[in-house]
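Report on the following structure.
The values are calculated or read from the model by the stated rules, or taken from the named source; none is laboratory data. Being a predicted model, the structure only gives us computed values, none of them experimental. Here the Cβ positions follow ideal geometry from the backbone for every residue, glycine too, while neighbour counts run over all protein chains shown.
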Ligand code: ATP
């Protein structure tokens, strides 16, 4: 393999730049040429592809977002779109790809291989941490830290006004961000899609807390929770328990932004490095993962199955400590 391409795809996540930097420099150090593909599959279809040198990735390790931009492409979901993308890759002499993205991006890469034989290795770039086979995805740690910082600020105002804040966090249909950030900021309750949500139980807990003179509270709700989200939880609480001044905060896209944490920068560097090393040694249709101290290569079809479990031990801890 002489020339590889690198792209970011799907939702952006802090640490993607650190991964791009690592992949580019690892490729160059191993005698490969590297091309950057802008805006994911969209840029692949449009031929928005440029050579990258080491200096092109200077001073980006600390920056959020992605210098290569990211996009979602409906055209790539069609065989015609993928043929255009493959033609462009062939025109540029690109023989292998590093894809930094989520499950959809990996699905796309698998189809591209089936139809056109183009080999891709993935690095998990998503704040949601919902890819199987890796303890953590690039951007997850930073997103959790962003939530914690925001909730700490809400606590100050909650405590001053006897308020109950219902805070909705991202995660799509997974509760990883909610559980970890909820423990880190001492939330009184954490509602996640992976476990049933009993609003009656929540109200009972809040009542008990109030009777123990706990006059401010934080409830973290994952956006995919069966309650329907923070507004629905707030309505139910207001109807049944009127002691608190109930407020809703939807943290939204601030969770995707910001400078990556040191943890995410190191993880992204490891993954970018391992992705290129993997391509060189003939691996493809696999995602780089970290399990404990080990870097592993997880087949795409396993990684994207959406069967990664929440840590039961952490769920237990959250339940015990919030009483
Ligand atoms: P995130 O987890 O942040 O949403 P993602 O990689 O899952 O990231 P998607 O929007 O699902 O984001 O996928 C990115 C792109 O991958 C899509 O816009 C589309 O071009 C391509 N893609 C997704 N699924 C498929 C598929 N089944 N076949 C072909 N291409 C696909």
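See the values below:
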item: Count of residues meeting criterion [more than 15 Å from residue 249 (Cα to Cα) and not in a loop (DSSP other than H, G, I, E, B)] in the stretch 190-206; result: 8
item: Residue within the stretch 96-106 that is more than 30 Å from residue 186 (Cα to Cα) and more than 16 Å from the ligand (Cβ to nearest atom) present; result: yes
item: Of the criteria (1) within 12 Å of the ligand (Cβ to nearest atom); (2) more than 22 Å from residue 123 (Cβ to Cβ), which one residue 76 fails; result: (2)
item: Residue within the stretch 141-160 that is under 25 Å from residue 218 (Cβ atoms), surrounded by fewer than 21 Cβ atoms within 10 Å (Cβ to Cβ) and within 16 Å of the ligand (Cβ to nearest atom) present; result: no
item: Single match in 93, 31, 65 (criterion: in contact (Cβ under 8 Å) with a residue 40 or more places away in the chain and surrounded by fewer than 16 Cβ atoms within 10 Å (Cβ to Cβ)); result: 93
item: Residue satisfying condition, being crowded, with 23+ Cβ neighbours inside 10 Å, part of a loop (DSSP other than H, G, I, E, B) and either at pLDDT below 95 or within 16 Å of the ligand (Cβ to nearest atom) (or both), within set 13, 85, 71, 109; result: 13
item: Which numbered condition residue 61 fails, given (1) in a helix (DSSP H, G or I); (2) away from the ligand (no atom under 14 Å from the Cβ); result: (1)
item: Flag for residue 167 being surrounded by 20 or more Cβ atoms within 10 Å (Cβ to Cβ), assigned to a helix (DSSP H, G or I) and at pLDDT 95 or above; result: no
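Residue by residue, here is whether (1) outside any strand (DSSP E or B); (2) farther than 30 Å from residue 112 by Cα; (3) in contact with a strand residue (DSSP E or B) (Cβ under 7 Å, 6 or more places away or on another chain); (4) at pLDDT 95 or above holds:
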{"residue": "232", "(1), (2), (3), (4)": "yes, yes, no, yes"}
{"residue": "243", "(1), (2), (3), (4)": "yes, yes, no, no"}
{"residue": "253", "(1), (2), (3), (4)": "yes, yes, no, yes"}
{"residue": "263", "(1), (2), (3), (4)": "yes, yes, no, yes"}
{"residue": "275", "(1), (2), (3), (4)": "yes, no, yes, yes"}
{"residue": "279", "(1), (2), (3), (4)": "yes, no, yes, yes"}
{"residue": "287", "(1), (2), (3), (4)": "no, no, yes, yes"}
{"residue": "298", "(1), (2), (3), (4)": "no, no, yes, yes"}
{"residue": "310", "(1), (2), (3), (4)": "yes, yes, no, yes"}
